[in-house]
Each structure stands twice: as structure tokens, then as C-alpha cells.
Amino acid sequence: MKNFWFKRKRYGFGWVPSSWQGWIISLIYILILVKLFTMADIDSHSISDTFIKLSVPFIIVSSIFIVICYKTGEKPKWQWGSKHLDKTE
């Protein structure tokens with residue numbers, strides 16, 4: 001059994017951190033997003049200014065985070081809850 005940084009969510013699609021490495025990566029991701037927002041908001045004069053300055057960096061950072069989750073986590077798939085109902089494992 002491989003030590004995954006991220007496990008599949010119990011309900012829905014996506015991952016949740018399951019090791020200290022996963023939690024550190026998630027915390028870094030959140031801190032980067034907060035820093036990007038504060039930097040974009042400092043000299044913005046409107047909401048659309050902030051949105052324009054934040055959209056491309058947000059997409060890039062989020063894409064990197066998703067790739068890290070995919071590479072270090074379980075294979076993603078839609079979950080409906082309890083694992084004993086899953087016939088593929």
C-alpha cells in the first residue's frame with residue numbers, strides 16, 4: 001500500500017489531505033492564494049480590477065495544486081459514501 005498524501009473524498013469528487021505532507025501542501029496553497037489576493041487588492045480600484053489581476057495567477061496556482069494532488073493521491077473518482085458499497089476495490 002502506497003502512502004498517499006491525499007485520499008479520495010468520501011462524498012463527491014476530489015481529495016482531502018491524509019498525511020503531514022498533504023497538509024503542508026494544502027497550507028502553502030492557501031497562503032499563496034491569500035498573498036496573491038492581498039497583492040492584487042492593494043492597488044486595485046474596483047472589483048473587476050482585482051478579478052482581472054487575480055484570475056490568471058489563481059488558475060496557475062490551482063492547476064499546480066491539482067497536479068500535486070493527482071500525482072501524490074489516490075486515483076480520483078466519484079464517491080457516494082461508504083467504501084463497502086464500492087464494488088471496484
For this session: Please report, in debye to the nearest 20, how large the charge dipole of the chain is about its Cα centre when each Lys and Arg carries +1 at its beta carbon and each Asp and Glu carries -1 there.
Result: 620
For this session: Return one number: the angle in degrees, 0 to 90 and rounded to the nearest 10, between the long axis of the Cα atoms of helix 47-72 and the longest principal axis of the Cα atoms of the chain.
Result: 30
For this session: Give, in nm to one decimal, the length gained when the segment between residue 42 and residue 61 is fully stretched (0.36 nm per residue of separation minus the Cα-Cα distance).
Result: 4.9 nm
Seminar exercise, completed: Longest principal axis of the chain (C-alpha) makes with the long axis of helix 20-42 (C-alpha) an angle, in degrees to the nearest 10, of 20
Problem set entry | Estimated [θ] at 222 nm from DSSP helical runs (n ≥ 4, -39500 (n - 2.57)) normalised by residues in the chain, nearest 500 | -19500 deg cm²/dmol
Problem set entry | Geometric extent, Cα atoms of the chain - Rg, Dmax (angstrom) | 16.7, 54
Seminar exercise, completed: Of the accessible area of the chain, computed with a 1.4 Å probe and all protein chains kept, carbon and sulfur make up a percent value of 72
For this session: Count the lysine pairs in the chain whose Cα atoms sit under 15 Å apart, keeping only pairs 8 or more residues apart in sequence or on different chains.
Result: 12
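The values are calculated or read from the model by the stated rules, or taken from the named source; none is laboratory data. Everything numeric in this text was worked out from a predicted model, so none of it was measured. FYI the Cβ positions are ideal-geometry reconstructions off the backbone, even for glycines, and counts take in every protein chain you see. Just so you know, the surface numbers come from the protein's heavy atoms only, side chains and all, with ligands and any DNA or RNA stripped out. Shrake-Rupley method; radii C 1.70, N 1.55, O 1.52, S 1.80 Å.
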